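Presented below is the structure to which this report refers.
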């Protein structure tokens, strides 16, 4: 769950693969994403992480299975979906410099532009990347795994 502080909108992604937008008084506003079920009604793509675009409160990126999905809250907008990792994407964040950072079960952290183009992919780490978080200043992020935290520039180094 993430709170978009400028507009006080909550969004919630879950095991059922949906991403829902709620008002601050608990009313469901919309379902932005429904990736969770295949034709046989079995769980396929849970949402493990999501992040608001810090410069545009109408854009959200979510981590579903091995993919990142860029969703817009604007009516009739298409989603941008791309294969981001070889294993499940466990964490995603969006820097104020418009760089998307992801970490996954494939033991890598990666940076992307807002069109889904890969900017940087780390070397194989020893453990899965369970958490990424961007600095409020925008030019740094951290990537965390078991007993390790790496401080990186948004260019990946």
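The values are calculated or read from the model by the stated rules, or taken from the named source; none is laboratory data. Since the structure is predicted, the reported quantities are computational estimates derived from the model, not experimental observations. No Cβ is skipped: glycine too gets one built from the backbone with ideal geometry, and neighbour counts run over all protein chains shown.
Might you check whether a residue that is closer than 19 Å to residue 52 by Cβ and either surrounded by fewer than 16 Cβ atoms within 10 Å (Cβ to Cβ) or at pLDDT 90 or above (or both) occurs anywhere in the stretch 141-155?
To start, the set of residues in the stretch 141-155 that are closer than 19 Å to residue 52 by Cβ comprises 141-142, 154.
Keeping just the survivors that are either surrounded by fewer than 16 Cβ atoms within 10 Å (Cβ to Cβ) or at pLDDT 90 or above (or both) gives 141-142.
So far as the stretch 141-155 goes, yes, one or more of its residues are closer than 19 Å to residue 52 by Cβ and either surrounded by fewer than 16 Cβ atoms within 10 Å (Cβ to Cβ) or at pLDDT 90 or above (or both).
Could you grab me the full set of residues in the stretch 70-87 that are within 17 Å of residue 56 (Cβ to Cβ) and surrounded by 21 or more Cβ atoms within 10 Å (Cβ to Cβ)?
So in the stretch 70-87, the residues within 17 Å of residue 56 (Cβ to Cβ) come out as 70-80.
Residues satisfying the conditions are 70, 71.
Those residues that are closer than 18 Å to residue 140 by Cβ and touching a residue at least 24 places away in the same chain (Cβ under 8 Å), I need them from the stretch 105-120; list them, please.
The answer is 109, 110, 111, 112, 119, 120.
Taking residue 50, is it touching a residue at least 12 places away in the same chain (Cβ under 8 Å) and surrounded by 20 or more Cβ atoms within 10 Å (Cβ to Cβ)? Reasoning before the result, please.
Numbers: touching a residue at least 12 places away in the same chain (Cβ under 8 Å): yes; surrounded by 20 or more Cβ atoms within 10 Å (Cβ to Cβ): yes.
So residue 50 passes the test.
Out of curiosity, is residue 78 part of a loop (DSSP other than H, G, I, E, B) and modelled with pLDDT under 85? So that I can check it myself, show each step before the final result.
Details: part of a loop (DSSP other than H, G, I, E, B): yes; modelled with pLDDT under 85: yes.
Yes, satisfied.
For the stretch 112-130, which residues satisfy the criterion of being assigned to a strand (DSSP E or B) and surrounded by 22 or more Cβ atoms within 10 Å (Cβ to Cβ)?
112
Scanning for something part of a loop (DSSP other than H, G, I, E, B), crowded, with 17+ Cβ neighbours inside 10 Å, touching a strand residue (DSSP E or B) at 6+ places or on another chain (Cβ under 6 Å) and without any contact (Cβ under 8 Å) to a residue 40 or more places away in the chain, does the stretch 88-104 turn up at least one residue?
No, the conditions are met nowhere in the stretch 88-104.
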